[in-house]
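A quick write-up on the structure given underneath.
No value in this document is a laboratory result; all are computed from the given coordinates. What you are looking at is a predicted structure, and each value in this text was computed from that prediction instead of being measured. Glycine also receives a Cβ, built like all others from the backbone with ideal geometry; neighbour counts cover every protein chain displayed.
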Amino acid sequence: MTSDGEFGGVIGKYWYDSTPWWPPEQMAPKGAPNVLVVVLDDVGFAQLGCFGSDLETPTFDGLAANGLRFTNFHTTSLCSPTRACLLTGRNHHAIGFGRITELATGFPGYNGRIPRSVKFMSELLRDAGWATYAVGKWHLTPEEEAHEAGSRLSWPLGRGFERWYGFFGGETHQFAPALVEDNHQIEPPRPWQEGYHLTEDLIDRAQHMIRSMRAVDADKPFFMYLCFGACHAPHQSPAEWVERFKGRFDEGWDAWRHATFARQLASGVIPEGTRLSERPEWVKAWADLSGDERRLYARYMEAFAAYLAHTDFHFARLVDTLDAMGELDNTVIVVLSDNGASSEGGPVGSTNDNRVWNFVPHTVEDALARIDDIGGPRCHNNYPWGWTVAGNTPFRRWKREVHEGGVADPLIVHWPRGIEARGELRRQYTHAVDIMPTLMELAGVERPEGLDGVSFARALTDAEAPEHRTTQYYEMFGCRALYHEGWKAVTYHMIQLDKPGLDKVPWELYRVATDPSETDDLAASEPDKVAEMDRLWWQEAERNNVLPLDNRPLSDFVVPHPPARYDRKHYRYPHGAAPVPEAVAVNVRNRSHVITADVLVPDGGVEGVIVSQGSLLGGWVLLAIEGRLVYVHNLVGLEQHRVTARALLPPGRHTIAFRFDKTGEHKGRGTLLVDGEMVGEGDIPRFTPNRFALAGAGLSVGRDASNLAVCDDYVAPFPFSGQILGDVSIDVDGERFVDPEGEAAVAVSTQ
């Protein structure tokens, strides 16, 4: 007898009158290409050599010389939203990614959760027979799910990738990253003191994934989504790389910008007749800076250039591997940046980007005192606005805004087997949503219905192909824009400031087909066109869940969205557990709290970390140093407040505690106790108000898992040499702190 359903064999009474059958394996089309999508972070339009820069990017330049450069490519102006567009072919608000995951607001266009009904490119290619790998930055999982207790549905392996090695958030420390492998947290393979750097590690892992697959299957194509930390802050690379660029930027950002613009015109990267936009009035001319400012700002740019060049150098190892394996010619390589150059370093640059979250200003004097640390593991550095403007040459403004400086980005496509043209330019208006349908077409895989993206595959072989996209809306933090048939209407609104209101910001209007750098505002002379563009923008906004408009940068402060169960009064942390991300760890900021642990002290004395949160960039630690109990609070790497026990911990079992009694806003008195007896006390005049550390440093018990010690008294991980008996408990008193001044402070600092 034959079976019902999909079984294709015969089932008889016995094996000898039955025929077995197995469903056929899903195979990619014969000769189908590999797909390698490379996403750079915060790299402006002008920062790759092949787009006008004089920075060393020979690998990316080589791909462009042997492939195509799309010089009219656009993104959303921010990282998570662009990545969501890239992987789904959908507009970012339409799938809940109107902004980054950390700033979700709970409205459909801004909830930071891509619906399960929306298929990722990785899911489609996996199901069609490709091996699928994600390497590097993800930033598509809400903070409150990016931990060991979180749902894995929005992790890469929950979205069609079969392997992942990388990090969750928008940024991570490049020498001591917060790493995840597949579905669990891990620590870096070795400490930074032994030469570890994340970029090198990512390339090692990418090579290993491909080679391991080829050891078994010689023909299966792969899809690799390779997302570097570069060049998002912190701009970190080995010291010898920073040294290579010493003195290269001493002439300053104005000279660099003009020289880059000339190279762009000469190479055709920008059309003849393009004008260089003016340097904004709030960015100082290089000639007006003091000698100390020039020396400092040049160092910031040296660190950025080294970071990009170091990344290019190690990416070459992957390209060389594909070439040696005979696979480079049939690998579609797409290289892009997720948004324009970043202004998050502020007007004077930053040695620790966490300061802005805690209302601690950056100063030139403080940075000069640490100038030799810039680019290394002890800083979380970002360059000042002048270099941001230069990095987006010839365009106006920057990341997080929707003038061209925020949304116009480099795009390279390289596929020798499928593209005959070499080194040519393409000027068709293209958006990040168009990449997914293009790659699906090149792979020969049916794309899903309902995509916002349109394939530009025809432009790969025909330089004169008509534009596949005639209309595209933009919105970020209340800044709005619309591209339509060679025109662009755009508004700018400062984040978080109320006047003029979002409903009163006037449109600017540009004929970007002939004025791509937005230098000639035609709004006053073309009122009918402005009205038409306004109507189209609101139409697109309604269709894509853009409303309500919201220009608050830190909406998570006023619309708490982590699950309520993660906010309680009593917490227990077991020894040996994975670090707990700050988003879901106990919130001790601006609250009285008590940290308690039962320990067994050996006869020879004790040392090591009992519990820590954060890193040298900011945090706190309770530890023993040469037998003495110590608590250290590190305010964003600027101040350290200590409470030290008067006597050594005696051998035996003890209950130790640190108690913080709040005495005012963000300040209090710390007390150390052993078996209920006070053994040390001291004031903590400024307690961290909002965030201990960026880059993924969490809370850990029995050791400092950040690999960046909270204070210089020890070298992480500095495990506790005694025994921690049971869990470490932390009890808090008072409500979670919400600072009404916070958002405005951040807004002012970011212009």
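Can you sort Asp204, Asp434 from fewest to most other Cβ atoms within 10 Å of each residue's own Cβ? Mind showing how you got there, number by number?
Details: Asp204 16, Asp434 29.
Ascending Cβ contact count within 10 Å gives the list Asp204, Asp434.
What ranking do 160-169, 405-414 get when scored by the average of other Cβ atoms within 10 Å per residue, highest first? Write down the numbers at each step before the final one.
Details: 160-169: 22.8, 405-414: 27.7.
Packing proxy ranking, top to bottom: 405-414, 160-169.
Just want to confirm a number: the relative contact order over region 472-556, from Cα pairs under 8 angstrom separated by 6+ residues, in percent. Kindly include the intermediate steps, with their values, before the conclusion.
Working: 112 pairs, mean separation 28.0, N = 85.
Relative contact order, region 472-556: 33 percent.
State the dimensionless ratio Rg/Rh of region 472-556 (Rg: radius of gyration of Cα atoms; Rh: Kirkwood radius).
On the way: Rg = 13.0 Å, Rh = 13.3 Å.
Expressed as Rg/Rh, it is 0.97.
Relative contact order of region 568-735, please, whole-number percent, based on alpha carbon pairs below 8 angstrom and at least 6 residues apart. Working shown, then result.
Numbers: 479 pairs, mean separation 62.1, N = 168.
Relative contact order of region 568-735: 37 percent.
Using Cα centres only, tell me the gap between region 668-685 and region 322-345 in whole Å.
53
May I ask for the distance between the Cα centers of region 97-173 and region 403-426, given as a whole number of Å?
26
Counting Lys and Arg as +1 and Asp and Glu as -1, each charge on the Cβ, what is the dipole of the chain about the Cα centre in debye, to the nearest 20? List each step's numbers first, then the result.
Numbers: 72 positive and 104 negative charges, 122 e Å.
That gives the chain a dipole magnitude of about 580 debye.
With the calculation restricted to Cα positions, what are the radius of gyration and Dmax of region 568-735 in angstrom?
For region 568-735, the Cα radius of gyration and maximum Cα-Cα distance read 14.2, 42 Å.
Quick check: residue separation of Ser212 and Tyr566 times 0.36 nm, minus the Cα distance between them. What number comes out in nm?
Details: separation 354, 0.36 × 354 = 127.44 nm, distance 3.96 nm.
Length gained, Ser212 through Tyr566: 123.5 nm.
Would you be so kind as to identify which of Tyr483, Gln26, Tyr383 lies farthest towards the positive end of the dipole of the chain, taking Lys and Arg as +1 and Asp and Glu as -1 on Cβ and the Cα centre as origin?
Among Tyr483, Gln26, Tyr383, the one farthest towards the positive end of the dipole of the chain is Gln26.
Determine the gain in length on full extension of the stretch Glu446-Ala647; use 0.36 nm per residue of separation and subtract their C-alpha separation, reporting nm with one decimal. Don't skip to the end; give the middle numbers.
Values: separation 201, 0.36 × 201 = 72.36 nm, distance 7.17 nm.
Here the answer is 65.2 nm.
I need the Kirkwood Rh of the chain: take the reciprocal of the average 1/r across all distinct C-alpha pairs and report it in angstrom. Walk me through the numbers before you get to the answer.
On the way: mean 1/r = 0.0367 Å⁻¹.
Final number for the Kirkwood radius of the chain is 27.2 Å.
Around Glu441, with a cut-off of 13 angstrom between Cβ atoms, what is the net charge of the other residues, counting Lys and Arg +1 and Asp and Glu -1?
On the way: positive: Arg447, Arg458; negative: Asp434, Glu446.
Taking every Cβ under 13 Å from that of Glu441, the sum is 0.
Measure out, as a whole number of angstrom, how far apart the alpha-carbon centroids of region 607-645 and region 280-311 sit.
Centre-to-centre (Cα) distance: 34 Å.
What's the exposure ranking of Asp534, Asp127, Asp515, going from fewest to most Cβ atoms within 10 Å? Let's see the in-between values first.
Values: Asp534 16, Asp127 13, Asp515 19.
By the 10 Å Cβ count, ascending: Asp127, Asp534, Asp515.
Distance in nm between label sites at Glu240 and Phe7, each 7 Å beyond Cα in the beta-carbon direction?
6.5
What order do you get for 242-249, 226-233, 319-326 when each peptide is scored by the mean count of other beta carbon atoms within 10 Å, highest first? The partial results should precede the final answer.
Values: 242-249: 16.5, 226-233: 26.0, 319-326: 13.9.
Per-residue mean Cβ counts within 10 Å order the peptides as 226-233, 242-249, 319-326.
Among Ala513, Ser77, Ala306, flag the residue with its Cα farthest along the positive direction of the charge dipole of the chain, charges on Cβ as +1 for Lys/Arg and -1 for Asp/Glu.
The Cα lying farthest towards the positive end belongs to Ser77.
How large is Rg/Rh for region 140-221, to two decimals, with Cα atoms and a Kirkwood Rh? Intermediate results must be reported in sequence, preceding the final value.
Details: Rg = 14.1 Å, Rh = 14.0 Å.
When Rh is taken as the Kirkwood radius, the ratio is 1.00.
Given Cα positions, please report Rg to Rh for region 154-272, the hydrodynamic radius being the Kirkwood one.
On the way: Rg = 19.2 Å, Rh = 17.7 Å.
When Rh is taken as the Kirkwood radius, the ratio is 1.09.
Determine ³J(HN,Hα), in whole Hz, for all residues of region 436-441 in sequence, where each value follows from phi through the Karplus function 6.51 cos²θ - 1.76 cosθ + 1.60 and θ = phi - 60°; x replaces Gly and Pro.
With the stated coefficients, region 436-441 comes to 4, x, 5, 5, 5, 5 Hz.
Could you work out the local net charge near Arg572, counting Lys and Arg as +1, Asp and Glu as -1, over the other residues with Cβ closer than 13 Å to its Cβ? The partial results should precede the final answer.
Details: positive: Arg568, Lys569; negative: Asp598, Asp727, Asp731.
So the surrounding residues net to -1.
Region 267-334: which chymotrypsin sites (Phe, Trp or Tyr not before Pro) are DSSP loop and have at most 13 other beta-carbon atoms within 10 angstrom?
On the way: sites: Trp282, Trp286, Tyr297, Tyr300, Phe304, Tyr307, Phe313, Phe315; in loops: Trp282.
When the chymotrypsin sites (Phe, Trp or Tyr not before Pro) of region 267-334 are filtered for loop state and at most 13 Cβ neighbours within 10 Å, Trp282 remain.
Per residue of region 615-622, what does 6.51 cos²θ - 1.76 cosθ + 1.60 with θ = phi - 60° give for ³J(HN,Hα)? Whole Hz please, x for Gly and Pro, Karplus curve as stated.
My calculation for region 615-622 gives 7, 4, 7, x, x, 8, 8, 10 Hz in order.
Quick check on the chain: helices-only [θ] at 222 nm, where DSSP H runs of length 4 and up contribute -39,500 (n - 2.57) each and the sum goes over total residues. Nearest 500, please. Present the calculation step by step, with values, prior to reporting the outcome.
Values: 15 runs with 157 residues, N = 751.
Here the helix-only value at 222 nm equals -6000 deg cm²/dmol.
Which links in Lys30/Lys119; Lys246/Lys399; Lys30/Lys220 stretch past 21 Å when you go from one Cα to the other? Can you show the working numbers first?
On the way: Lys30/Lys119 24 Å; Lys246/Lys399 27 Å; Lys30/Lys220 9 Å.
Over 21 Å Cα-Cα: Lys30/Lys119; Lys246/Lys399.
At R0 = 60 Å, how high is the FRET efficiency between Ala465 and Asp366 if r is their beta carbon distance? Nearest 0.05 is fine.
On the way: r = 53 Å, r/R0 = 0.88.
Efficiency computed from Cβ-Cβ geometry: 0.70.
Looking at region 558-647, which trypsin sites (Lys or Arg not before Pro) are in a loop (DSSP not H, G, I, E or B) and have at most 14 other Cβ atoms within 10 Å?
Numbers: sites: Arg565, Arg568, Lys569, Arg572, Arg589, Arg591, Arg628, Arg642, Arg646; in loops: Arg568, Lys569, Arg589, Arg591.
Here the sparse-neighbourhood loop sites are Arg568, Lys569.
Sequence gap at least 6, Cα distance under 8 Å: using those rules, report the relative contact order of the chain to the nearest whole percent.
Details: 1809 pairs, mean separation 120.8, N = 751.
With pairs under 8 Å counted, the relative contact order is 16 percent.
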